[in-house]
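Only one structure is covered here, and it is reproduced in the block below.
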Amino acid sequence: MEVILANPRGFCAGVERAIAIVERAIERFGAPIYVRHEVVHNKFVCDDLRSKGAIFIEDLNEVPPGQTVVFSAHGVAKSVRQEAEQRGLKVFDATCPLVTKVHNQVACMRREGMEIIMIGHEGHPEVEGTMGQSEGGMHRVETVDDVQGLQIATGVRLAYVTQTTLSIDDSQQVISALKQRFPDIVAPKSDDVCYATQNRQDAVKTLAGRSDLIIVVGSQSSSNSNRLREVAELRGVAAHLVDEAEQINPAWLRGVNRIGITAGASAPEILVRRVVDSLTDGTPEKVIQLEGVEEHVTFSLPKELRK
Ligand code: SF4
């Protein structure tokens, strides 16, 4: 059996920064450090941070007075920021700068008097955070059908933004439907779907052309990992999302000669290594690395946490 690795895969710059913020905050201020929501959507990463002293919470009420809280990479609504300020909590913001860019766009579009349609998944924390940048004037759609169901008053100026981790192909369909229904709708200045999502989806398309089966390493809660599985399936290749090697069902491997492996932007390389080792019994000759786009994006840490 041959194992083929997609490139790029795994950690993006926003995830590396978010994890580093929690780790450095623990080093600098001592445990516990409270983190609002899973800092990135990966079980292994969060379990590791928990063992170092992070406490994950969903509501700021769970943070005792005077403590430090980190906002997750997905970003938060303005009201959450205000609440932390009112409670006098010390905050480190691990929101990915590419999500912050979308927040800034929303603020700018609203200042210009536009109503905004956000393309994104219901209940996802990034969508809640971005929708929460404005007290009104925001609408959410996920599918082409949702676009047909939108109720927009006549004479309203419209713009759209998107979640950063959408399927590129699906979001293009929704954007086309929006443009068809609202020809004057204003697009964001640059694509909101981020470089890491784009590169990993492109890489999985290449991988699908060479694989009988694709394993995506990532957690069920990870939007971009789920999109990688869907992209593979849309290319006609069976694909499964696993948190770790032990979740691979031997029945999936029957009759399979070439297994493609990729990882979501929040999944660490150590988990990919474990999956590869479990499939090859540690025989490196069976592993092929595909060529791919080289990524050189890095984001700086908050000043107080720089070494
Ligand atoms: S997937 Fe994109 S938007 Fe999300 S943390 Fe990574 S770089 Fe930032």
Taking the chain and dividing mean pair separation by its residue count, relative contact order in percent (alpha carbons under 8 Å, at least six apart) = 26 percent
In the chain, how does Rg compare with the Kirkwood Rh, expressed as the Rg/Rh ratio over alpha carbon atoms?
-> 1.00
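Given 0.36 nm per residue, what is the gain on full extension from residue 212 to residue 240 after removing their alpha carbon distance, in nm?
My answer for the length gained is 8.9 nm.
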Please give the length that would be gained between residue 156 and residue 50 if that part of the chain were fully extended, namely 0.36 nm times their separation in residues minus their C-alpha to C-alpha distance (nm, one decimal).
-> 33.5 nm
Mind giving me the FRET efficiency for residue 281 and residue 169? R0 is 45 Å, r the Cβ-Cβ distance, nearest 0.05 is fine.
-> 0.80
Accessible area per residue, Å², the chain with all protein chains present, probe 1.4 Å | 46 Å²
The correct ranking of 182, 11 by accessible area at 1.4 Å, largest first, is 11, 182
Per-pair calculated FRET efficiency, R0 = 35 Å: residue 179 and residue 273 via Cβ, rounded to 0.05 | 0.20
Would you give the gap between the C-alpha center of the stretch 153-199 and the C-alpha center of the stretch 268-307, rounded to a whole Å?
-> 31 Å
Using 1/(1 + (r/R0)^6) with R0 = 35 angstrom and r between the beta carbons of residue 307 and residue 144, what's the FRET efficiency to the nearest 0.05?
-> 0.15
Relative intensity, log₁₀ I(q)/I(0), of the stretch 191-256 from a Debye sum that treats every alpha carbon as a point, q = 0.19 Å⁻¹ = -0.72
Once all protein chains are kept in place, residue 70 shows an accessible area at probe 1.4 Å, nearest 10 Å², of 0 Å²
Can you give me the Cα centroid spacing of the stretch 14-64 and the stretch 115-141 in angstrom?
-> 25 Å
Counting only protein heavy atoms, what percent of the accessible surface of the stretch 98-181 is carbon or sulfur at a 1.4 Å probe?
-> 44 percent
Carbon and sulfur: what percent of the stretch 13-95's accessible surface (1.4 Å probe)?
-> 47 percent
Could you calculate the contour length gain from residue 29 to residue 58, that is, 0.36 nm times the residue separation minus the distance between their Cα atoms, to one decimal place in nm?
-> 8.3 nm
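When the solvent-accessible surface of protein heavy atoms is calculated with a 1.4 angstrom probe, in what order do 175, 55 fall, highest first?
55, 175
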With runs of 4+ DSSP H residues as the only contributors, calculate the mean residue ellipticity of the chain at 222 nm using -39,500 (n - 2.57) per run, divided by the residue total and rounded to the nearest 500.
-> -11500 deg cm²/dmol
Residues in the stretch 177-194 near a label at residue 297, defined as backbone nitrogen under 13 Å from the 7 Å Cα→Cβ point?
-> 190-194
Using Cα positions and a limit of under 25 Å, work out the lysines in reach of residue 90, with same-chain residues fewer than 8 apart set aside.
-> 52, 78, 101, 303, 307
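The values are calculated or read from the model by the stated rules, or taken from the named source; none is laboratory data. Every value quoted in this text rests on a predicted model; they were computed, and no experiment measured them. Glycine gets a Cβ as well: all are built from the backbone with ideal geometry, and neighbour counts include every protein chain shown. What goes into the accessible areas is simple: the full protein's heavy atoms, side chains included, and nothing from ligands, DNA or RNA. Shrake-Rupley method; radii C 1.70, N 1.55, O 1.52, S 1.80 Å.
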